[in-house]
Structures are given as structure tokens and as C-alpha cells.
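These notes are about the structure you will find just below.
The values are calculated or read from the model by the stated rules, or taken from the named source; none is laboratory data. Since the structure is predicted, the reported quantities are computational estimates derived from the model, not experimental observations. Here the Cβ positions follow ideal geometry from the backbone for every residue, glycine too, while neighbour counts run over all protein chains shown. These area figures cover heavy atoms from the full protein model, side chains too; ligands, DNA and RNA do not enter into them. Shrake-Rupley method; radii C 1.70, N 1.55, O 1.52, S 1.80 Å.
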Amino acid sequence: MPNIHKRPAWWIPNLRPTDEAVFLDRRRFMASLGIGGAALIGGISACDRISDTSTEPRPTTRPAATDARSQLEPAALTAPRNDKYTLDRKMTKADAVMRYVNYYEFDAADKPKAVRLAQNLTLHPWTLSITGLVKKPRTFDVEELEKRLSLEERLYRHRCVETWAMALPWIGFPLRSLIKLVEPLSAARFVRFVSFMRPDEAPGQHLGSGYPWPYHEGLRIDEANSEAAFVAVGAYGRRLAKQNGAPIRLVTPWKYGYKSIKAIVEMQFVDKQPPTFWNTVNAHEYGFYSNVDPAVPHPRWSQAQEWMIDGGRMNKRDTLPYNGYGELVAHLYPKR
Ligand SMILES: Nc1nc2c(c(=O)[nH]1)N[C@H]1C(S)=C(S)[C@@H](COP(=O)(O)O)O[C@H]1N2
Ligand SMILES: [Mo]
């Protein structure tokens with residue numbers, strides 16, 4: 001039954017401004033996440049200097065039929081769990097993780113809309129090029145890469161700079177296993193990560209958006225080689241959903257979420273600290289390192305506490321230094 005596609009639970013139907021039933025439905029969904037209209041405005045504008053704070057549903061075009069439909073429900077993908085990485089809280093429901101996303105290429109302000117529009121991203125073919133200061137520059141097909149590196153499941157917490165958090169089972173491999181394959185030269189001191197550039201599929205990338213596309217990030221080489229740095233190709237026993245960064249994304253759980261770049265197409269080994277997307281947008285608010293630190297407030301809000309996306313905005317927990325991963329990474333930085 002190749003033409004029958006069941007929509008997954010996180011799928012949000014296209015909204016028309018006049019369709020009140022759909023609008024109410026969406027409000028109920030927002031309420032179920034514990035975020036009312038006013039709270040939502042605070043949440044969405046946070047990463048965002050050029051923010052659109054409208055919470056009204058706006059008309060959109062339907063996702064292109066072909067790839068979008070076939071990818072609605074990502075294929076199963078399982079890997080043995082690495083028991084070293086445990087959680088101090090319940091795992092976030094998959095449904096919440098798949099609906100509550102930040103993906104500026106698709107929409108900078110409206111999370112449900114970003115989820116919907118992300119279904120337009122074509123995933124096949126997808127290659128990851130490793131360039132720059134390495135002995136063995138390579139372009140990998142992502143699925144071929146998965147076969148070369150053994151996949152594992154890791155339970156990790158995620159902390160967005162906007163104060164929302166989640167805890168989820170990623171599937172992937174340590175970043176350092178990939179780095180080993182290309183043999184960096186000793187001159188390589190940083191790794192630059194670049195996401196895709198396709199304004200035809202990603203409306204947020206249109207000229208005039210004011211953002212320095214494509215999304216780009218960076219790590220110092222010792223950070224990249226830290227055991228905590230992970231590359232995800234799946235989550236919750238499936239391949240990554242498009243809105244969560246399919247087919248391949250970075251996961252750096254001790255740093256604010258924007259360092260965990262989605263949909264990577266290139267990794268370049270360089271000798272100087274590379275510019276990063278959010279630092280370029282607003283250097284005053286978003287640094288290169290961006291390690292989670294409850295003691296250092298964002299210029300516009302405190303970072304002392306956080307809230308889980310399926311537990312409600314009112315249910316606050318204390319933020320942990322390095323998001324709780326200090327044992328693995330604190331040695332990389334000057335003493336706090
Ligand atoms: N390419 C790309 N990667 C990105 C982003 C983005 O907008 N584009 N947003 C970042 C931010 S701010 C966060 S919090 C995480 C969110 O990941 P999730 O949407 O899968 O929860 O992705 C990060 N990676
Ligand atoms: Mo974020």
C-alpha cells in the first residue's frame with residue numbers, strides 16, 4: 001500500500017485563518033504544553049532579535065507532495081543503548097519533541113509552522129563533506145557513514161537558551177569517531193559546521209530574511225573530540241524527523257541548543273575560530289562557547305531555571321552548570 005500514508009501524531013494540519021476549529025485545536029495543543037499566548041510570545045522571541053511575535057495562524061502553502069509525504073513517519077532505526085548516559089528526569093514525550101522545535105530555515109517564530117514547512121526538505125540524496133585541514137577529506141553518503149560507524153542510543157538532556165528543555169533518546173555516534181576517519185592535521189584547531197542552503201525549500205532563507213544563511217556553527221577541536229559531543233541520525237527508535245534535523249545533526253548537550261546544528265552538509269577543519277550564526281546575528285547575546293551556565297544570565301532573562309516542554313512553563317527546575325555534563329567537559333574550560 002505504497003500510496004497510503006498515515007499522519008503521525010505530531011503532524012499539524014495546514015491552518016487557514018478562517019478555520020476556527022483548527023485554530024482552537026492548535027490552542028489546545030499549546031495549552032497541553034503549558035504555554036498560553038503571552039508565554040509563547042516570550043518563548044519564541046528569545047533566540048531571535050528579528051522576531052515575529054504573532055501567535056495567529058497564517059495561511060501557508062501545502063508541503064510538496066512527494067518527499068514530504070514519504071517522510072512523514074520516519075523509518076524505524078534502533079541501536080543498543082549506551083548505559084553510561086542516564087537521565088535525572090523522565091524522558092520527554094516524543095510527540096512534544098517533534099512539535100516544539102526551533103528551525104529558523106522554515107519559520108523563525110511559529111513552531112507549528114516550522115514543523116509543517118520542514119516536511120518540504122528533500123533528504124535524498126544527502127551527503128556530508130569533510131573538508132579543510134584533514135589528511136583524508138571525504139564526502140560521505142549519510143547512510144553509508146552510519147554503516148561504517150556503530151550506532152548507539154544515548155539519553156541526553158537538551159537546554160535551549162530560551163529556557164525550555166527536554167530529555168530524549170538520540171541515536172547516532174560520537175563525533176570523535178567521525179573525526180578519526182578523516183585524520184585532522186595538527187594545524188586544525190576548530191571545526192566549522194554548515195547546514196543546507198535551499199531557499200526554494202526553506203522559506204526562511206529567502207533574501208531579506210536578515211539572517212546570515214546557511215546556518216553555521218563551530219566547536220574547538222578538543223570540544224569536538226570530547227566524548228559528550230554526539231552526531232544524531234535518529235531519535236525515539238526512528239530516523240530523525242525532518243523538523244528535528246534529519247538526516248544528520250550535531251548534539252552538544254552541555255551547550256545551549258543553538259550550537260546543536262541541524263541538517264549538516266559540511267564539516268570544515270580550520271585553524272581559526274569560525275564565525276557562528278547566532279553570534280553574527282547578535283554577538284552581545286550569543287557567544288561562541290555558549291556553555292549552559294545558571295550563573296550567567298542572558299542579557300534579557302535569567303538562566304537560573306528551565307522548564308520541560310511536556311511539563312509546562314510553570315514547572316521550573318534549576319539549571320545545572322554545563323547542563324549536568326560537567327564531569328565530561330569541565331576540564332576543557334578555565335575553572336568557573
Ligand atoms: N540548521 C538549524 N539548526 C538548528 C536551529 C536552526 O534554526 N537551524 N535551531 C537551534 C536551536 S535554537 C535549538 S534549541 C535546537 C532545537 O532542536 P529541536 O528543534 O530538534 O528541538 O536546534 C538548533 N539547531
Ligand atoms: Mo534554542
May I ask you to list the residues in region 303-336 that are hydroxyl-bearing (Ser, Thr, Tyr), in a loop (DSSP other than H, G, I, E, B) and under 22 Å from the mean Cα position of the chain (by Cα)?
-> 319, 325
Name the residues in region 196-221 that are part of a strand (DSSP E or B) and either within 16 Å of the chain's Cα centre (by Cα) or not assigned by TED's automatic domain parsing to the domain that holds residue 106 (or both), would you?
-> 216, 217, 218, 219
Sort through 333, 325 and tell me the only one that's open to solvent by less than 50 Å² (accessible area, probe 1.4 Å), under 16 Å from residue 167 (Cβ atoms) and not aliphatic (A, V, I, L, M).
-> 325
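Yes or no, residue by residue, for (1) more than 10 Å from ligand 1 (Cβ to nearest atom); (2) closer than 21 Å to residue 79 by Cα; (3) modelled with pLDDT under 95:
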| residue | (1), (2), (3) |
| --- | --- |
| 182 | yes, no, no |
| 190 | yes, no, no |
| 193 | no, no, no |
| 232 | no, yes, no |
| 254 | yes, no, no |
| 258 | no, no, no |
| 270 | yes, no, no |
Inspect region 260-271 for any residue being touching a helix residue (DSSP H, G or I) at 6+ places or on another chain (Cβ under 6 Å), open to solvent by 10 Å² or more (accessible area, probe 1.4 Å), assigned by TED's automatic domain parsing to the domain that holds residue 325 and not charged (D, E, K, R) and give the result as yes or no.
-> no
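Quick test for you: out of 168, 181, pick the one residue that is closer than 16 Å to residue 240 by Cβ and touching a residue at least 24 places away in the same chain (Cβ under 8 Å).
168
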Residue by residue through region 121-168, note down the ones that are over 17 Å from the mean Cα position of the chain (by Cα) and assigned to a loop (DSSP other than H, G, I, E, B).
-> 122, 124, 125, 126, 133, 135, 136, 137, 149, 150, 151
Among residues of region 137-176, those that are hydrophobic (A, V, I, L, M, F, W, C), away from ligand 1 (no atom under 16 Å from the Cβ) and open to solvent by 10 Å² or more (accessible area, probe 1.4 Å), counted | 2
All but one of (1) over 18 Å from residue 266 (Cα atoms); (2) of a type in the set (Gly, Ala, Ser); (3) at pLDDT 95 or above hold for residue 150, so report the exception by its number.
-> (3)
Report yes if residue 262 is over 20 Å from residue 165 (Cα atoms) and either assigned to a loop (DSSP other than H, G, I, E, B) or touching a His at 6+ places or on another chain (Cβ under 6 Å) (or both), otherwise no.
-> no
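Is it fair to say residue 98 is under 14 Å from the mean Cα position of the chain (by Cα), of a type outside the set (Val, Ile, Thr) and assigned by TED's automatic domain parsing to the domain that holds residue 252? If you could, list the steps in order and put the result at the bottom.
Working: under 14 Å from the mean Cα position of the chain (by Cα): yes; of a type outside the set (Val, Ile, Thr): yes; assigned by TED's automatic domain parsing to the domain that holds residue 252: yes.
Considered against the rule, which asks whether it is under 14 Å from the mean Cα position of the chain (by Cα), of a type outside the set (Val, Ile, Thr) and assigned by TED's automatic domain parsing to the domain that holds residue 252, residue 98 comes out as yes.
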